[in-house]
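The values are calculated or read from the model by the stated rules, or taken from the named source; none is laboratory data. Just so it is clear, the model here is predicted, and its values are computed rather than measured. For neighbour counting, all protein chains shown are included, and Cβ atoms are generated from backbone atoms with ideal geometry for every residue, glycine included.
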Amino acid sequence: PSYSLRTFTGHSMSVMSLDFHPNREDLICSCDGDSEIRYWSINNGSCARVFR
């Protein structure tokens with residue numbers, strides 16, 4: 001679509017990678033240019049966990 005279905009806010013650098021969690025269909029994983037990894041809840045858009 002030409003619009004965002006959901007916006008996830010939290011990374012301080014540009015997101016370099018985005019992938020689905022291998023075992024949980026309600027989570028996605030993102031990694032930014034500073035190597036910060038975040039798990040996001042697809043259901044509510046909140047950050048579930050941060051790895052630095």
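Within segment 2-18, can you find the residues that are within 11 Å of W40 (Cβ to Cβ) and at pLDDT 90 or above?
Across segment 2-18, the qualifying residues are F8, T9, G10, H11, V15, L18.
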### Query
Would you call R49 in a strand (DSSP E or B) and surrounded by fewer than 12 Cβ atoms within 10 Å (Cβ to Cβ)?
yes
## Note on the structure
Filtering segment 36-45 down to residues that are modelled with pLDDT of 95 or more and part of a loop (DSSP other than H, G, I, E, B) yields E36
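Is there a residue in segment 8-21 that is β-branched (V, I, T) and exposed (fewer than 12 other Cβ atoms within 10 Å of the Cβ)? First the steps, then the outcome.
We begin by selecting, within segment 8-21, every residue β-branched (V, I, T); these are 9, 15.
Then keep just the ones that are exposed (fewer than 12 other Cβ atoms within 10 Å of the Cβ); that gives 9.
Yes - at least one qualifying residue is present in segment 8-21.
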### Query
When residues of segment 3-35 are filtered for being of a type in the set (D, E) and in a loop (DSSP other than H, G, I, E, B), how many remain?
3
